[in-house]
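Notes to accompany the following structure.
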Amino acid sequence: MIRIAGTRSAAAVAVLFIVIVAVAASQDTLASPDTALFIYDKIDDNSRFYIEAVRENLGGMGIPFKEAAAETEKNYDASPYHRVIVYSMVMGFNMISPVRSWLRKGEGLTGKDVLILVTANRWFNEKQRKELVKIAGDRQANVIDAVSMATEKLSDEKKQKTIGKHLARLQP
Ligand SMILES: Cc1cc2nc3c(=O)[nH]c(=O)nc-3n(C[C@H](O)[C@H](O)[C@H](O)COP(=O)(O)O)c2cc1C
């Protein structure tokens, strides 16, 4: 009798343990519905200002987010997120960029709300914007907004304002 009770309690403890582990694992892989993914090419002297501006705006809007650099996290899976902010800078006329390759892979992008931001110093910003919009559309993402900036003649204030205005589209 005592052995049976002991076996039962051991089984109960085991079940409880499995449930706790499963819940912990699911929390790790499934972001809350509010959490957004912010993906960009890489952090360097060219992109830092814009990445900071996006972080600040998301923080200001109270949107929790995870971020990833497509250059090093080529296979980052967007599945756990409902909203994805894509920032890419033009790095040559051929439009090749880590973010572009990441979008082409399209892991977990189907049905996701995607907002695209592109910067270039002077040239090809619109070309890149249109290409990224097309690729995201091909991956069945829902592009809610896409903006490009030729930044050469823009003040920092104007850049920040533009980013803020477009990120506001993420709010319901
Ligand atoms: C390898 C490389 C290639 C680039 N090619 C272009 C280009 O073809 N056209 C352009 O306008 N800017 C180009 N840029 C500049 C970046 O797009 C620019 O630095 C970035 O968008 C941030 O803008 P800002 O430096 O004016 O603040 C290039 C930058 C790098 C590092």
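The values are calculated or read from the model by the stated rules, or taken from the named source; none is laboratory data. The structure displayed is predicted, hence computed values, not measured ones. Glycine gets a Cβ as well: all are built from the backbone with ideal geometry, and neighbour counts include every protein chain shown.
Key figures for this structure:
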| quantity | calculated |
| --- | --- |
| Within region 95-104, considering residues that are in contact with a Phe, Trp or Tyr (Cβ under 9 Å, 6 or more places away or on another chain) and surrounded by fewer than 23 Cβ atoms within 10 Å (Cβ to Cβ), the one nearest to LEU37 (Cα to Cα) | PRO98 |
| Whichever residue in region 57-66 is more than 20 Å from THR162 (Cβ to Cβ) and touching a residue at least 12 places away in the same chain (Cβ under 8 Å) and, among such residues, is surrounded by the fewest Cβ atoms within 10 Å (Cβ to Cβ) | PRO64 |
| Sole residue being over 18 Å from PRO98 (Cα atoms), over 18 Å from the mean Cα position of the chain (by Cα), assigned by TED's automatic domain parsing to the domain that holds ARG48 and of a type in the set (Lys, Arg), chosen from LYS127, LYS161 | LYS161 |
| Residue match in region 79-88 (condition: within 11 Å of the ligand (Cβ to nearest atom), surrounded by 17 or more Cβ atoms within 10 Å (Cβ to Cβ) and not polar (S, T, N, Q)) | yes |
| Subset of region 81-122 that is among the charged types (D, E, K, R) and touching a His at 6+ places or on another chain (Cβ under 8 Å) - its residue that is farthest from VAL54 (Cα to Cα) | LYS112 |
| Scan of region 58-74 for residues that are over 15 Å from LEU115 (Cβ atoms) and touching a helix residue (DSSP H, G or I) at 6+ places or on another chain (Cβ under 7 Å), ordered by number | ALA70, GLU71, LYS74 |
| Close pairs from region 45-56: first within 12 Å of the ligand (Cβ to nearest atom), partner charged (D, E, K, R) and in a helix (DSSP H, G or I), Cβ under 8 Å, at least 6 apart | PHE49/ASP156; PHE49/LYS159; TYR50/LYS159; ALA53/LYS159 |
| Residues of region 101-120 satisfying the condition of being over 12 Å from the mean Cα position of the chain (by Cα), within 20 Å of LEU167 (Cα to Cα) and within 16 Å of the ligand (Cβ to nearest atom) | VAL118, THR119, ALA120 |
| Pair list, Cβ < 6 Å and 6+ apart or interchain, from region 88-109 residues that are closer than 20 Å to ALA141 by Cα to residues that are within 16 Å of the ligand (Cβ to nearest atom) and of a type in the set (A, V, I, L, M) | SER88/VAL99; SER88/VAL118; SER97/MET91; PRO98/ALA70; VAL99/ALA70; VAL99/VAL86; TRP102/ALA70 |
